[in-house]
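Every number in this text was worked out from the coordinates using simple rules, so none of it is lab data. Computed from a predicted structure; not experimentally measured.
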């Protein structure tokens with residue numbers, strides 16, 4: 001039969017919190033290579049978004065030229081950034097290229113959105 005020292009058990013919980021909580025604070029990330037050439041990378045921003053929790057901090061790095069319409073709905077603390085040549089073209093000219101709604105603290109940098117009916121942002125919630 002094993003006995004645990006009560007002081008050792010009391011010390012274990014704070015150590016676990018110190019080690020595990022910082023990892024959770026960084027959130028999740030995903031990589032998108034629209035060409036499909038990078039092993040393990042998603043080929044669309046939409047596919048990458050589907051794997052991330054709705055509340056971040058989360059980030060998506062994008063490279064290449066994507067052919068998709070991107071919808072960001074009910075997201076918090078999301079950063080999407082591209083390399084200097086990252087571009088999103090719409091496969092459907094009658095749909096918004098980028099649609100953002102019911103979200104807050106969304107950052108999109110270094111990506112060219114080209115064509116379609118443009119970008120539409122609505123129902124942005126101010127943080128308190």
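By the Stokes-Einstein formula, at 1.002 mPa s and 20 °C, region 27-124 with its Kirkwood radius over alpha-carbon pairs has D equal to 162 µm²/s.
Each part reduced to its alpha carbon centroid, region 49-128 and region 32-48 end up 15 Å apart.
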